[in-house]
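One structure below.
Each reported figure results from applying straightforward, stated rules to the coordinates on display, with no laboratory input. Keep in mind it's a predicted model, so treat the numbers as computed, not measured. Ideal geometry is used to build each Cβ from the backbone, glycine not excepted, and the neighbour counts take in all protein chains shown.
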Amino acid sequence: MTGQGVSSSLLTATALAPLRREDGPLFAEPWQAQALAMATRLRESGVFTAEEWATALGAAIRAAQDSGDPDDGTTYYRHVLAALETLVVAKGIADRALLASVKHAWAEAHHATPHGQPVLAPKIGV
């Protein structure tokens, strides 16, 4: 038992369980959780502030809405990814060309992978 009277196995099981809403999982696909986790980690590490994150995410959402985004919640994590990419470029961590080459390499790896097999990380020259 922990100091709070909750077993450590229960805490571990809870930590490993997928986050859920009443109508299903919080994340529809693993990349959504990964993108949000990367943004959170970069913010916690001081790469950008919470205000910078909020501004970038808000700008990404507004840009998508101006381009006809349905604004029904289904594209939220695309906006998270767009904001993350914007901040990574703004902070000099990567440039748009590198991000584009990484996306291209992953798309090629995905298309070359037989159905049902894991996609292997592509070789990316950095």
What nm distance separates the two modelled labels at R78 and E22, each placed 7 Å from Cα along Cα→Cβ?
2.8
Which distance in nm do the two modelled labels at A94 and V47 give, with both placed 7 Å along the Cα-to-Cβ direction?
0.9
Förster-model FRET efficiency, 41 Å R0, H115 and T55, C-beta, rounded to 0.05
0.50
